[in-house]
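Before any comments, here is the structure.
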Amino acid sequence: MSRIGNKEILLNKDINIDFNKGILKIKGPRGELNRMIPNDVQLDITDEKILVKRSSDLNKVKALHGLTRSLINNMIIGVTDGFEKALEIKGTGYKCDIKSKNELILNLGYSNPINFVLPDGIEAETENKGTLLKIKGINKEIVGEIAARIRKLRKPERYKGKGVRYQGEYVKLKAGKSAGGKGE
């Protein structure tokens, strides 16, 4: 039995929901999101809550039950509050600048700066002289994907910790070579 799938999703008054031909449209103060709902899952929509139900007890349908409920819940959180991922940029001369509304310039220790274009609906802001980058948007999936792509440009290395990491991420540093050996 899916514990997550059986939880009901509570709605605010600001949210408009339209479910037609298997496509769920959720509109809120921050924007609108659409998602296709699988045929094996039914939605029971009222004014104050959404209940997700499954058609059978097959393992595939049970998995879709919890997944669909989580995706719908993330859509509702996204159109009301939004999502944010913070990235720390560590290293001498490493920083991020915002060139335009949807373009970042990342100096990550390479010979040339990296121009990174953000997709529509995603915003970025820098703090702390360009060493803290915040990625914001209403779609949790896209916000996480963009943060992962930026992190992949220069992962934190193990000896000095230089690179791009998620805020609060712990990187265990290696000791490196020790000075002074056993003679010549």
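The values are calculated or read from the model by the stated rules, or taken from the named source; none is laboratory data. Bear in mind the structure is a predicted one, so any value in this text is a computation, not a measurement. As a convention, Cβ positions derive from the backbone with ideal geometry for all residues, glycine included, and neighbour counts pool all protein chains shown. Surface areas here come from the heavy atoms of the whole protein model, side chains and all, with no ligands, DNA or RNA. Shrake-Rupley method; radii C 1.70, N 1.55, O 1.52, S 1.80 Å.
The table for this structure:
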quantity: Residue match in region 79-88 (condition: charged (D, E, K, R), in contact with a Gly (Cβ under 9 Å, 6 or more places away or on another chain), in a strand (DSSP E or B) and modelled with pLDDT under 90); calculated: no
quantity: Some residue of region 62-78 being touching a helix residue (DSSP H, G or I) at 6+ places or on another chain (Cβ under 8 Å) and of a type outside the set (Val, Ile, Thr); calculated: yes
quantity: Residues located in region 154-181, provided they are within 20 Å of Leu133 (Cα to Cα) and open to solvent by less than 50 Å² (accessible area, probe 1.4 Å); calculated: Pro156, Gly161, Gly163, Val164, Arg165, Val171
quantity: Those residues of region 83-114 which are in contact (Cβ under 8 Å) with a residue 40 or more places away in the chain, of a type in the set (Gly, Ala, Ser) and open to solvent by 20 Å² or more (accessible area, probe 1.4 Å), in sequence order; calculated: Gly91, Gly109
quantity: Unmet criterion (only one of (1) more than 15 Å from Lys140 (Cα to Cα); (2) among the β-branched types (Val, Ile, Thr); (3) touching a residue at least 40 places away in the same chain (Cβ under 8 Å); (4) out of contact with any strand residue (DSSP E or B) (no Cβ under 6 Å at 6 or more places or on another chain)) for Ile77; calculated: (1)
quantity: Residues within region 41-86 that are in contact with a Phe, Trp or Tyr (Cβ under 8 Å, 6 or more places away or on another chain) and basic (Lys, Arg), tallied; calculated: 1
quantity: Search result, residues across region 1-56 that are modelled with pLDDT under 85 and either surrounded by 14 or more Cβ atoms within 10 Å (Cβ to Cβ) or in a strand (DSSP E or B) (or both); calculated: Ser2, Gly5, Asn6
quantity: Within region 128-145, considering residues that are under 10 Å from Lys95 (Cα atoms) and part of a strand (DSSP E or B), the one least open to solvent (accessible area, probe 1.4 Å); calculated: Leu133
